[in-house]
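Reading through the structure tokens given below for one structure.
Derivation of every value follows stated rules applied to the coordinates shown; laboratory data play no part. Values in this document were obtained by computation on a predicted structure and should not be read as measured data. Neighbour counts run over all protein chains shown; Cβ positions are idealised from the backbone, glycine included.
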Amino acid sequence: MMTPRKLAVLVIAALVVLLAGLWLTSQRNTATTARVGSPVLPQFEALLNEITRVRIEAKGDAATLVRGAGGWIVEERGFRADPAKLRRLLIDLSKLHVIEEKTSDPARYAQIGVEDPAPGATGTRIVASTADTGFALLVGKVADATSVYVRLPDSAQSLLAAPRIVADADPRHWIDTALVDLPADRVRSVAVAPATGPAWRASRDAATAPLVLQDLPKGTVQRSPDGVTPVAALLGNLHAEDARAAPAAGGTPGPRVLVRTFDGVEVELHGRVEGDRHYVGGTARSTGAASAAEAAAIAARLAGFEFELPRYKYEALFRPLADFT
């Protein structure tokens with residue numbers, strides 16, 4: 001029989017359970033709320049300028065960016081890294097903040113790309129290090145234009161975070177691709193020794209004049225007065241797709257192009273085809289004091305390396321005389 005005393009005890013017990021449940025819920029909500037907006041990588045922003053190494057791994061590829069006395073290089077290429085692209089990544093990592101907590105079930109990690117690195121894993125692992133501190137992050141699938149799924153390797157909790165992190169593990173996508181930038185109106189002459197056919201040369205006396213073929217074989221004429229002029233733009237904003245150490249000298253000489261500017265810069269490039277890949281290497285010099293520093297900078301950029309170009313750019317550099325006559 002339920003007595004008033006037993007009923008009171010049951011009511012009190014129910015109230016205790018209810019209050020405890022409400023307290024736990026409020027604590028859980030408070031913890032989640034406190035995490036939203038917080039940095040995914042605490043202390044990263046404070047140490048941003050002390051980062052000396054960044055390693056990016058995904059799907060069997062790896063890019064290692066290392067800071068030395070002369071600046072950042074892509075270790076796999078031994079070539080300078082694109083400083084603006086790298087800086088963007090580091091700043092985005094320093095600003096990365098939590099939008100929402102997602103799954104903590106390892107069985108569901110693959111759905112958003114934050115599973116542990118292993119064959120078949122789809123995510124990207126980034127490790128950024130100072131001299132004595134490391135920050136590791138697993139970057140998964142893009143959620144939308146501004147956010148991405150991430151997880152700290154030592155945490156079960158995955159997160160939706162912003163800004164969106166873009167980190168390619170292919171080393172070629174981290175090199176500083178800029179090679180030469182000689183605007184067309186600076187070019188005075190172009191001399192080409194193509195892979196086949198006779199060598200040829202074109203020049204002009206003023207930037208506004210067309211390039212004219214010189215010393216043509218008897219009976220050969222230039223097809224169009226302005227047909228050669230576009231060649232002056234060959235070294236305007238020339239970028240590479242990849243870089244690697246130049247091979248040892250020797251073998252059959254490849255095609256060559258020599259571009260001279262009105263102010264004395266001379267850039268000479270030679271070509272080489274390997275399978276379906278097209279490479280150029282070269283050097284630069286100056287015949288005038290005013291352009292000596294520019295030529296030296298181009299020469300330093302080219303020295304010891306060869307650079308992969310798209311086929312169409314490569315073929316445009318070494319066009320045969322028959323294209324213009």
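Mind running the shape call on the stretch 120-242? Use the C-alpha gyration tensor, a ≥ b ≥ c as the square roots of the eigenvalues: rounded below 1.5 for a/c, prolate if a/b tops b/c, oblate otherwise. Intermediate results must be reported in sequence, preceding the final value.
Numbers: a/c = 3.90, a/b = 3.72, b/c = 1.05.
Since a/c reaches 1.5 and a/b is larger than b/c, the shape of the stretch 120-242 is classed as prolate.
Before anything else, pin down the relative contact order of the chain: Cα pairs under 8 Å, at least 6 apart, normalised by residue count, whole percent.
Details: 635 pairs, mean separation 44.9, N = 325.
Value for the chain: 14 percent.
Quick one: angle between helix 83-95 and the longest Cα principal axis of the chain, in degrees between 0 and 90, rounded to 10, please.
10
Using +1 on the beta carbon of Lys and Arg, -1 on that of Asp and Glu, and nothing else charged, what's the dipole of the stretch 178-323 about the Cα centre, debye to 20?
Working: 16 positive and 17 negative charges, 65 e Å.
Value, rounded to 20: 320 debye.
Treat every Asp and Glu Cβ in the chain as -1 and every Lys and Arg Cβ as +1, leave all other atoms uncharged, and give the resulting dipole magnitude about the Cα centre to the nearest 20 debye.
Details: 37 positive and 36 negative charges, 113 e Å.
The dipole of the chain has a size of about 540 debye.
Can you return the lysines within cross-link range of LYS141? Criterion is Cα-Cα under 29 Å, with same-chain partners fewer than 8 residues away left out.
Excluding near neighbours in sequence, the set is LYS59, LYS85, LYS95, LYS102.
Remind me, what semi-axes does the stretch 173-255 give for its equivalent ellipsoid, largest first in whole Å, using sqrt of 5 times each Cα gyration tensor eigenvalue? Write down the numbers at each step before the final one.
Working: eigenvalues 160, 79, 17 Å².
Semi-axis lengths for the stretch 173-255 are 28, 20, 9 Å.
Tell me the mean residue ellipticity at 222 nm calculated for the chain from its helices only (DSSP H runs of n ≥ 4, each -39500 (n - 2.57), averaged over every residue, nearest 500).
On the way: 5 runs with 67 residues, N = 325.
Estimated from H runs of four or more residues: -6500 deg cm²/dmol.
Ranking request for peptides 201-208, 257-264, 216-223: highest mean number of other beta-carbon atoms within 10 Å first, then the rest in descending order.
Values: 201-208: 14.1, 257-264: 19.4, 216-223: 10.9.
Packing order, densest peptide first, comes out as 257-264, 201-208, 216-223.
Summing Lys, Arg as +1 and Asp, Glu as -1, what charge do residues with Cβ under 13 Å from the Cβ of ASP132 carry, ASP132 excluded? Numbers along the way, then the final one.
Numbers: positive: ARG53; negative: GLU50.
Neighbour charge sum, excluding ASP132 itself: 0.
Rounded, prolate or oblate: which fits the stretch 48-174, taking a ≥ b ≥ c as square roots of the Cα gyration tensor eigenvalues, rounded meaning a/c under 1.5, else prolate when a/b beats b/c?
On the way: a/c = 1.96, a/b = 1.65, b/c = 1.19.
Here the stretch 48-174 falls in the prolate category.
Give me the angle, in degrees from 0 to 90, between the Cα long axis of helix 292-302 and the longest principal axis of the Cα atoms of the chain, rounded to the nearest 10.
60
How large, in Å, is the stretch 178-323 by the Kirkwood hydrodynamic radius built from its alpha-carbon pairs? Please list the in-between numbers first.
Working: mean 1/r = 0.0636 Å⁻¹.
In the stretch 178-323 this quantity evaluates to 15.7 Å.
Would you mind listing how long the chain runs along its three principal axes, going by Cα atoms, in whole Å with the largest first?
126, 40, 36
Could you rank the peptides 40-49, 141-150, 170-179 by their average count of other C-beta atoms within 10 Å per residue, with the highest value first?
Details: 40-49: 14.8, 141-150: 16.7, 170-179: 19.7.
In descending order of packing, they fall as 170-179, 141-150, 40-49.
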